[in-house]
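The values are calculated or read from the model by the stated rules, or taken from the named source; none is laboratory data. Since the model is a prediction, treat every value here as computed from it, not as a measurement. Here the Cβ positions follow ideal geometry from the backbone for every residue, glycine too, while neighbour counts run over all protein chains shown. Please note that ligands, DNA and RNA were not included when accessible areas were found on the heavy atoms of the full protein model with its side chains. Shrake-Rupley method; radii C 1.70, N 1.55, O 1.52, S 1.80 Å.
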Protein chains: 2
Amino acid sequence: MLAAYLRERSTEFLRALRAHRESGGGAPEESAEAVRALRRSARRISGTLHTFRPLLDTEWAEGLRPELAWLSGTLAHEHAHASRLERLLLALHRLSGAVPVPAAAGVGAREEGARGNGARGNGADAPAGPDRTNLTVGAAKAGALLDRRLTLARTRAHSTALEALGSGRFHAVADRIALLAGEVPLSPAAAGADLRLPAAAAEERLTDAVAALPLLTAGHPYNAAALVHGLAPDTSPQPQDAPWHQVRLLLRLHRYAREVLTGAPAETRLEAADQALTRHRDAAEAAAAAAEAARTPRIAPATAYALGVLHADQRHEVEAARFAFHHLWHRLPR
Amino acid sequence: MLAAYLRERSTEFLRALRAHRESGGGAPEESAEAVRALRRSARRISGTLHTFRPLLDTEWAEGLRPELAWLSGTLAHEHAHASRLERLLLALHRLSGAVPVPAAAGVGAREEGARGNGARGNGADAPAGPDRTNLTVGAAKAGALLDRRLTLARTRAHSTALEALGSGRFHAVADRIALLAGEVPLSPAAAGADLRLPAAAAEERLTDAVAALPLLTAGHPYNAAALVHGLAPDTSPQPQDAPWHQVRLLLRLHRYAREVLTGAPAETRLEAADQALTRHRDAAEAAAAAAEAARTPRIAPATAYALGVLHADQRHEVEAARFAFHHLWHRLPR
């Protein structure tokens, strides 16, 4: 099962690589889809090498994993910057009362709430006063600043990814994955080994990490924990987020191990929990991006104000995502 | 019962007035307590005149109510500015990770959350970097700006209240309330009238107003409805808040009517619901004060950023208060 799983991922990887080469850069959507598929396979191969490492040739597995991590990381940045910008601009519009929030952005209630408010008095319908221009300018300038910063970062990430895909280092990784499609280098211990043991160990690491999360707090709505450092001096990632990011990684390892065992995608609940933690990470990174942008020298106070509101809004998204994860994990109705 | 209730409130009013005169201005705490008691009695007399107006001498009641409204309003401002400042400074400290949140400020979970975070990495313990001063300065400057603005407003309100208490207009109101301690001017319809009918009508007005609230949205945690105009151009009170403020007033009328009927303070649940709506109003006004302060000309971007975070934080308090009211109203566990 283990060898078959790795072979399938390897085939997927090679198919995505071919699709990427055929798209040539002339079809951005196809190219982005191919990159996504490359990352998807690379993540699964890497996770499987990690969870089932006693059953695999040690030297081979330990040589390949850092290369896969480098590849996934390099390929992820472009998409991350693009979706961060989209998330922040969407939030800026929502906070200006300008557009209804699309249902995909949050819980069902959010859409309803946005509509309810629109009916009661929408910013776009408010009479134009002397202040109107002022703050609309603040939100617009904040949007333009974020657009400049994140588009620049995205362009750089795009170049870096293209360079990586043309590099000798990448070709070496691709060659090793191609070999995998033929034969998986198993260890002597693999013969007759019970795959369920390493999979159970992965699940246990996840369960332990979840047990260490402040889930009691997260389950109380409006606990105000996520914004507790909203004005703290450090823009580096907030220490309180790290255990949640760690659980996200362990949850993925558990999901992939389940895929190896069952030969099918993991249950919906695990996928939903993964999505909640991805939302947690995306909102945390978006909040940090807003805080960083606010340190741009010589910005207008109205711009800084809008970025402050935006930062706090995204930190509340962080809190909302923790609440959602708490409910999914304990199988509670929402 | 109606006459007895009004006589008791009148006696309370006169006692508070005497206490205020005796405090003389030399004892700020006793003076503030006396003003609070004056407002408390005036609110109840005014509410009772409104709810039971068919049973009272029309001309007398309709002449007294606007005077009581003027008095309550004038006396309320000083306390409102003081507590708004306290709320905002407390929030600024909480957002800087500087102090644990006192339990009184929110649900129990909030305290726990704040403590949990403190253990994981508190802003005060973070290594001092080049950015540290910057944002600490932002929060400090925002605090100083709010302190200046709200202390000025408070001082003005204090003078206005003192002037009002020395005015002929106030003495006329006090005289009319003093008369009430002797004889309550009832209408001919009062003899044998059923007090439960006007009280039921007051309750019905409350129930209707609650039914018109967007309680379904409010009951979904993290619905993001309260901040939907966080960057809207208008700093005037948000239209979405008005129905909640209205329910707060109707809830008080209902509470006072219950007091008239039962001769005892209203049930705990009504009081808790009143507190949730008061928190809603206080947070909404604090959010508006932060937004207004951000329009001060020539403030530093770091100050404006801190005020933006603060505004969003208080709008989430608004949302949290609505959630709390929803649960209290539907008698749900929290």
Test result for A:ARG322, among the basic types (Lys, Arg), touching a His at 6+ places or on another chain (Cβ under 9 Å) and open to solvent by 10 Å² or more (accessible area, probe 1.4 Å)
yes
Of the candidates B:ALA289, B:ALA284, the one satisfying the condition of being assigned to a helix (DSSP H, G or I) and either in contact with a Lys or Arg (Cβ under 7 Å, 6 or more places away or on another chain) or within 25 Å of B:ARG9 (Cβ to Cβ) (or both) is B:ALA289
Restricting attention to the range A:260-272, the residues that are surrounded by fewer than 20 Cβ atoms within 10 Å (Cβ to Cβ) and assigned to a helix (DSSP H, G or I) number exactly 7
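Tell me yes or no: at least one residue of the range B:236-243 is open to solvent by 40 Å² or more (accessible area, probe 1.4 Å), more than 7 Å from chain A (Cβ to nearest Cβ), under 14 Å from B:HIS326 (Cβ atoms) and not in a loop (DSSP other than H, G, I, E, B).
yes
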Q. Hey, does the range A:192-202 have a residue that's at pLDDT below 95, touching a Phe, Trp or Tyr at 6+ places or on another chain (Cβ under 9 Å) and open to solvent by less than 10 Å² (accessible area, probe 1.4 Å)?
A. no
Check whether at least one residue in the range B:190-197 is without any contact (Cβ under 8 Å) to a residue 12 or more places away in the chain, within 11 Å of chain A (Cβ to nearest Cβ) and small (Gly, Ala, Ser), and report yes or no.
no
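Please work out if B:ARG269 is facing another protein chain (nearest Cβ under 10 Å) and modelled with pLDDT under 95. Let's see the steps before the verdict.
On the way: facing another protein chain (nearest Cβ under 10 Å): no; modelled with pLDDT under 95: yes.
The answer is no for B:ARG269.
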Picking from B:ALA232, B:ALA225, B:ALA257, the residue that is more than 7 Å from chain A (Cβ to nearest Cβ) and of a type in the set (Gly, Ala, Ser) would be B:ALA257
* To do: Answer yes or no as to whether A:ASP313 is modelled with pLDDT of 95 or more and closer than 30 Å to A:TYR256 by Cβ.
  => no
Within the range B:292-307, residues being part of a helix (DSSP H, G or I) and buried (at least 20 other Cβ atoms within 10 Å of the Cβ) number 8
Notebook entry, point to check: Taking the stated definitions as given, is A:LEU310 within 13 Å of chain B (Cβ to nearest Cβ), aliphatic (A, V, I, L, M), buried (at least 24 other Cβ atoms within 10 Å of the Cβ) and in contact (Cβ under 8 Å) with a residue 12 or more places away in the chain?
Noted result: yes
Filter result for A:THR207 (under 19 Å from A:HIS280 (Cβ atoms), open to solvent by 60 Å² or more (accessible area, probe 1.4 Å) and hydroxyl-bearing (Ser, Thr, Tyr)):
yes
> Is there a residue in the range B:210-220 that is surrounded by fewer than 22 Cβ atoms within 10 Å (Cβ to Cβ), within 11 Å of another protein chain (Cβ to nearest Cβ), touching a residue at least 40 places away in the same chain (Cβ under 8 Å) and part of a helix (DSSP H, G or I)?
Replying inline: yes
The condition of being in a loop (DSSP other than H, G, I, E, B) and within 23 Å of the chain's Cα centre (by Cα) holds, among A:LEU227, A:LEU253, only for A:LEU227
With criteria (1) closer than 24 Å to A:ALA320 by Cα; (2) surrounded by 19 or more Cβ atoms within 10 Å (Cβ to Cβ), B:LEU253 comes up short on (1)
Practice problem: Test A:LEU165 against the criterion of being in a helix (DSSP H, G or I), of a type outside the set (Phe, Trp, Tyr) and open to solvent by 80 Å² or more (accessible area, probe 1.4 Å), and give yes or no. | Solution: no
So, first residue away from chain B (no Cβ under 14 Å) and closer than 19 Å to B:ALA304 by Cβ in the range A:134-156, second residue β-branched (Val, Ile, Thr) and outside any helix (DSSP H, G or I), Cβ within less than 9 Å, six or more apart or across chains; the pairs are A:ARG149/A:THR296
The number of residues in the range B:259-310 that are within 18 Å of B:THR151 (Cα to Cα) and charged (D, E, K, R) is 4
Within the range B:182-191, residues part of a loop (DSSP other than H, G, I, E, B), open to solvent by less than 80 Å² (accessible area, probe 1.4 Å) and of a type outside the set (Ser, Thr, Tyr) come out as B:VAL184, B:PRO185
Residues of the range A:256-299 being within 20 Å of A:LEU92 (Cβ to Cβ) and of a type in the set (S, T, N, Q), in sequence order, are A:THR296
Considering residues that are open to solvent by 30 Å² or more (accessible area, probe 1.4 Å) and of a type outside the set (Ser, Thr, Tyr), the number found within the range B:45-62 is 7
